[in-house]
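Each remark here refers to the structure printed beneath this line.
No lab work stands behind these numbers, since they all come straight from the coordinates. Everything numeric in this text was worked out from a predicted model, so none of it was measured. Please note: Cβ atoms are built from the backbone with ideal geometry, for glycine as well, and neighbour counts cover all protein chains shown.
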Amino acid sequence: MPIFDTDILISFLRGKPQATTFVESLLAKDERLITTSINAEELYVGAHYSTNVAKDVRAIEDILKKFTIWDFTGADAVIYGQCQATLLKIGTPVGKMDVMSGVVAINHGFANSR
């Protein structure tokens with residue numbers, strides 16, 4: 001069950017062939033699609049920044065209906081603080097939204113397998 005970040009969601013919304021094929025193949029298999037409230041927020045920021053707000057918001061709403069959206073919780077905030085501080089201390093800054101989304105996934109039992 002894949003967890004989608006903002007980049008692939010944007011690629012899908014823009015109709016990029018690789019993203020479209022990937023998402024549609026998962027939907028055809030009735031796979032559970034997941035994203036986070038952080039990723040949804042980033043999409044909505046982009047939509048409200050665009051020149052066609054209503055159209056872009058509708059497109060986001062349509063795609064997000066197909067997803068389970070995991071929220072950022074108080075427990076996630078605790079882990080986020082630890083992770084972000086560690087990354088800063090070791091000189092590896094990572095964007096706040098990326099760390100927040102990652103923490104949500106980790107707290108749902110997912111970890112990077114690399």
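Would you mind getting me the FRET efficiency between LYS55 and GLU24? Use the beta-carbon distance for r and R0 = 30 Å, nearest 0.05.
Numbers: r = 21 Å, r/R0 = 0.70.
According to the calculation, E is roughly 0.90.
Give or take rounding to whole Å, what are the principal axis extents of the alpha carbon atoms in the range 6-107, in descending order?
The principal-axis extents, from largest down, are 40, 35, 25 Å.
What is the fewest-to-most order of MET1, MET97 by other Cβ atoms lying within 10 Å of their Cβ? Intermediate results must be reported in sequence, preceding the final value.
Working: MET1 9, MET97 16.
Listing MET1, MET97 from fewest to most nearby Cβ atoms yields MET1, MET97.
Calculate the FRET efficiency for ALA75 and ASP7 from the Cβ-Cβ distance with a Förster distance of 22 Å, rounded to the nearest 0.05. Before the final figure, lay out each step's value.
Numbers: r = 26 Å, r/R0 = 1.17.
Computed FRET efficiency for ALA75 and ASP7 comes out at 0.30.
Can you give me the distance in nm between label points at LYS65 and GLU41, each placed 7 Å from the Cα along the Cα-to-Cβ direction?
Inter-label distance under the simple model: 2.6 nm.
How do 99-108, 15-24 rank on mean C-beta neighbours within 10 Å, highest first? Display every interim value, and only then the final one.
Working: 99-108: 20.0, 15-24: 13.1.
Listed from highest to lowest mean packing, they are 99-108, 15-24.
Give me the percent relative contact order of the range 46-114, please, defined on Cα pairs under 8 angstrom at least 6 residues apart. It would help to have the intermediate numbers written out before the result.
Working: 29 pairs, mean separation 18.4, N = 69.
It rounds to 27 percent for the range 46-114.
Please check: in the Gaussian network model of the chain (C-alpha springs, under 10 Å), which one of ALA77, ALA28, ALA85 has the largest mean-square fluctuation.
Result: ALA28 has the largest fluctuation of those listed.
Please give every one of the aspartates and glutamates within straight-line cross-link reach of LYS66, meaning a C-alpha to C-alpha distance under 12 Å, and leave out same-chain neighbours fewer than 8 residues apart.
Of all the aspartates and glutamates, those that pass the test against LYS66 - Cα under 12 Å, at least 8 places apart if same chain - are GLU24, ASP30, GLU31.
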